[in-house]
1. Return the pair list, or none, for Cβ contacts closer than 6 Å from residues in the stretch 72-96 that are free of Cβ contacts under 8 Å to residues at least 60 places away in the same chain to residues that are of a type in the set (S, T, N, Q) and in a helix (DSSP H, G or I), at least 6 apart or on different chains.
2. Quick check, is Leu61 at pLDDT below 95, surrounded by 12 or more Cβ atoms within 10 Å (Cβ to Cβ) and over 25 Å from Gln99 (Cβ atoms)?
3. Could you check the stretch 59-103 and list, in sequence order, the residues that are within 30 Å of Arg38 (Cα to Cα) and hydrophobic (A, V, I, L, M, F, W, C)?
4. Among the residues that make up the stretch 82-90, is at least one of them surrounded by fewer than 13 Cβ atoms within 10 Å (Cβ to Cβ), of a type outside the set (Ser, Thr, Tyr) and assigned to a loop (DSSP other than H, G, I, E, B)?
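The values are calculated or read from the model by the stated rules, or taken from the named source; none is laboratory data. Owing to the predicted nature of the structure, the values given are computational and were not obtained by experimental measurement. Counting neighbours? That spans all protein chains shown, and the Cβs are built from the backbone with ideal geometry, glycine included.
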Amino acid sequence: LQLHAGIAACLDTAARAHAGGAAPGAAATLRRSALLCRENLLGSVKLLRKIEHTAGAVLELFPDLTLAVEEQEPALAHEFFSTVRSWVGDLYGAVKEVQAKNQ
């Protein structure tokens, strides 16, 4: 949120500098750029929340995985690892998507 406020203040200053007609169309371009920055920032925040949620889910799964190993249940342990692998694969795809949008 602090980054968003800083970007907004910077773009607001630039918009005021060009509002006097020094650069026709600059204000509209700045508004579009500000919206793009905001969309990218929100996408990054959403991704970070997804990463946080996934990390929490992995930590919650860890005691069950430990128990499966201790009880010599390799099939169950493998299933847990497969679940985590799937979650990490989803995150990898989400990261690539956000990176592509931010370029």
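1. Pairs found: Trp87/Thr54; Leu91/Thr54.
2. yes
3. Trp87, Val88, Leu91, Ala94, Val95, Val98, Ala100
4. Looking through the stretch 82-90, none of the residues is surrounded by fewer than 13 Cβ atoms within 10 Å (Cβ to Cβ), of a type outside the set (Ser, Thr, Tyr) and assigned to a loop (DSSP other than H, G, I, E, B).
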